[in-house]
């Protein structure tokens, strides 16, 4: 009766699939480091909101303030940390990574189209 202790493998699974599944378990130290990084990002965002970082004049009618740029950069860094570690994307399959990259690409495409429409309008000329 050697068949009682044998483990049944599903089609498409090989012997090291179980090891790969178990390999993405993250220790508490990594979670604490990520938590501290997220808290530091939050503190940095709050600190940056009290400082006037100036403006960047692109054209006579278009000026970009640095405060939202810095705040969005910090928020994007925090979002990347959350997605990579708390959603376990860092240790997931290539298909999951591809889906996330495709979603980010689509989001950036929509933002770019929206901003191009906003910048190309003749404000006050109608």
Query - Distance in nm between pseudo-label sites at residue 113 and residue 33 (7 Å out along the Cβ direction from Cα) - result: 4.0
**Report entry** Convex hull volume per residue in cubic angstrom - Cα atoms of the range 68-126
**Finding:** 83
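Each reported figure results from applying straightforward, stated rules to the coordinates on display, with no laboratory input. Note that the structure is a prediction, hence the values are computed from the model and not measured. Methodologically, a virtual Cβ is constructed for each residue, glycine included, from the backbone with ideal geometry; neighbour enumeration extends over all protein chains shown.
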